[in-house]
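This report refers to the structure that appears directly beneath it.
The values are calculated or read from the model by the stated rules, or taken from the named source; none is laboratory data. Every value quoted in this text rests on a predicted model; they were computed, and no experiment measured them. So basically every Cβ, Gly included, is an ideal-geometry build from the backbone, and we count neighbours across all protein chains shown.
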Amino acid sequence: MSLHVSIDFGTSSTCTVVSVGGAEPQVVVIDGQPLVPSAVFAAADGTLFVGHEAERQAAVDPARFEPHPKRRIDEGELLLGSTVLKVGDVIRAVLQRAVGEARRFAGGAAVDLLVLTHPADWGSVRAAELRQAAAGLGKEIVLVPEPVAAAVFHSAGNGLPDGGALAVLDLGGGTVDASVVRKQGASFQVLATKGEPNFGGADIDQLLLEHVGELVGSTDAAAWRKLVEGREMPDRRRRRVLRQDVRGAKETLSRHAYTDVPMPPPFSDAHVTRADLEKLIATPLGSSADLVLATLRDGQVPRGQLAGVFLVGGSSRIPMVARLIHERTGVVPVTLDQPETVVARGALRAVRLDPERSGGLAPAGTWAGTTVRDYPLPSAQAARGEPLSRARTVVMTGDEPTRPVTKRPKLKRRRRAPWLVGAAVVLLAAVAGTTALLLTDSSPQADPAVPAQRMAAYDYRFAYPGGWRPVGGDPAKFQTLVEPADGPQGSLVAVEEGRLTFDTDGDRNRAVQLLRGEYEKSVAAGEEFSLFTPSTSFAGRDVVYYRETLPEATVEWYTLYKGQFKVSVGCKYGPAGKDEVVRACEQVVGSVDIG
């Protein structure tokens, strides 16, 4: 008995589909739902919880929780709590859970064919990372672009004429992607693709939550802040329930004109309407609809040649989406009752063992590894003269280069109040020092012969030298520590995050004055701080600098601002090892990416 499994590994959720013995593909229900959150929680004992289990554990220790591992695929490592994990291992945990549930559905049978979907504009590096994460989970592994899977599914149910072009708009939990796919004979080709990596269903949930706060928060502003920002366990649990209720209200508004959001004491229930929701999301949904027009232009598809528009992803249920698409294209879009399952179901249809049933996408012999075949890239890549990708397993590649994944989702846990100079003295007490930043534009450059490593934690990412290693950090302070593997004792670079209550991009001076005030308080208290400089350049970044002198060490501070975030990088060195620490600090500061 053969077992074929398809996994649509999404930003916010994952869908699994199985075909047992060649039967019609079926969605695997996990924890009573057709989707499982793509979230992962790293417990202190090394256990990785996935899905709803991870979300429940996050209420205990949010620092160990990663809600969107797909967004982190470009980053080598993640810091979850005090545990450093490879991104590939985190993604593998999600895939393992999906495969495990599929095998349980099939009575424990081994997976003969594992199909994984991915965005159309992922290149070979991301595809290889995904394939490596799935290594050994199936006898054969196949990668299929998400819009191709959707187009195959649409064609099977609605038909698509030869040479016809189908626009696919995928509104997922964390991203929006628009593509144009053309059917040529028995094959499907992605002509163009565009996306918005920083908007999705989770962001709609956040907008609706903020609207609810405006409705009820005025009665007790302090209680509302405690509900949405509190760090105590009861606050986290109430917040988790509230977010679930807000998400449910959003889904209800796709079917009804109004609903009520149950609220915990001391608030009254909030009454929200579809009109309220549409006002909140009109602009970003309009931009999402415009992506369809942009892909038609890039793919050189006149509107008269557009055979249809197919809406997939959970957020495509929102009635306003179909209305906007109709207004912009003149085409009434098609969607299904379970649009979030379309990609996984279509992917399995696209690569069935029987070449006659696979529409030519599965040439005979491929699954046994006897055939190596080139698959055409989107026309934009071919026009640039870029080479076709070749792989042992069947990989229908997307456009190369890839779209950068640079921003964390807007829906995330609220950070604590920013740490300032006074708290910084305590920051590294556990490691006999404190964090700092290094000021000297004449600092030695990092050795280019030593490959950099990357770290992603909380709302920041950075690179550090290959000869250094992560040594944990304090999750309560959103802190990451790295030290040289073979260097002078006490050498250290620390990165820590704080969050302000205003946008520093528009008022950096206010942020700097707050920091200066804490600096001056520390100096007045007898701390050895000096050289406060509100704006200087280091490693190509505009930073605030000051120095702290310890009995047997020097600590130099750099502080960077972006949006409501403040990230401070600290470098501590003793009588020996200054040059090595300076090089490392320059690499860290120069590479810090915030938000």
Quick check, is V5 surrounded by 24 or more Cβ atoms within 10 Å (Cβ to Cβ) and without any contact (Cβ under 8 Å) to a residue 60 or more places away in the chain? no
Of the candidates D235, D290, D245, the one satisfying the condition of being part of a helix (DSSP H, G or I), within 30 Å of T501 (Cβ to Cβ), among the charged types (D, E, K, R) and modelled with pLDDT of 90 or more is D245
State whether the residues of segment 44-52 include one that is touching a strand residue (DSSP E or B) at 6+ places or on another chain (Cβ under 6 Å), assigned to a helix (DSSP H, G or I) and crowded, with 19+ Cβ neighbours inside 10 Å. no
Filter result (under 27 Å from the mean Cα position of the chain (by Cα), surrounded by fewer than 17 Cβ atoms within 10 Å (Cβ to Cβ) and under 17 Å from V493 (Cβ atoms)) within segment 541-577: R541
Qualifying position, being in a loop (DSSP other than H, G, I, E, B) and surrounded by 14 or more Cβ atoms within 10 Å (Cβ to Cβ), among S316, S254: S254
Test L169 against the criterion of being touching a helix residue (DSSP H, G or I) at 6+ places or on another chain (Cβ under 6 Å) and in contact (Cβ under 8 Å) with a residue 24 or more places away in the chain, and give yes or no. yes
Only one residue in E129, E196 is over 18 Å from V321 (Cβ atoms), surrounded by fewer than 23 Cβ atoms within 10 Å (Cβ to Cβ) and acidic (D, E). Which one? E129
Would you mind stating whether Q305 is more than 28 Å from F9 (Cβ to Cβ) and touching a Ser or Thr at 6+ places or on another chain (Cβ under 9 Å)? no
Quick one: which residue in D235, D298, D269 is touching a residue at least 24 places away in the same chain (Cβ under 8 Å), over 14 Å from I204 (Cα atoms) and not hydrophobic (A, V, I, L, M, F, W, C)? D298
If I91 satisfies every condition in (1) touching a helix residue (DSSP H, G or I) at 6+ places or on another chain (Cβ under 7 Å); (2) buried (at least 24 other Cβ atoms within 10 Å of the Cβ) but one, which is the exception? (2)
State whether one or more residues within segment 558-571 are within 25 Å of V84 (Cβ to Cβ) and in a loop (DSSP other than H, G, I, E, B). no
So E214 clears everything in (1) in contact with a His (Cβ under 7 Å, 6 or more places away or on another chain); (2) free of Cβ contacts under 8 Å to residues at least 24 places away in the same chain except one condition, right? Which one? (1)
Of the residues that make up segment 101-122, is at least one within 25 Å of T193 (Cβ to Cβ), over 16 Å from the mean Cα position of the chain (by Cα) and in a loop (DSSP other than H, G, I, E, B)? yes
How about segment 124-206: which strands (runs of 3 or more DSSP E) wholly inside it have at least 1 residues that are farther than 15 Å from G346 by Cα and within 19 Å of the chain's Cα centre (by Cα)? 165-171, 176-184, 187-196
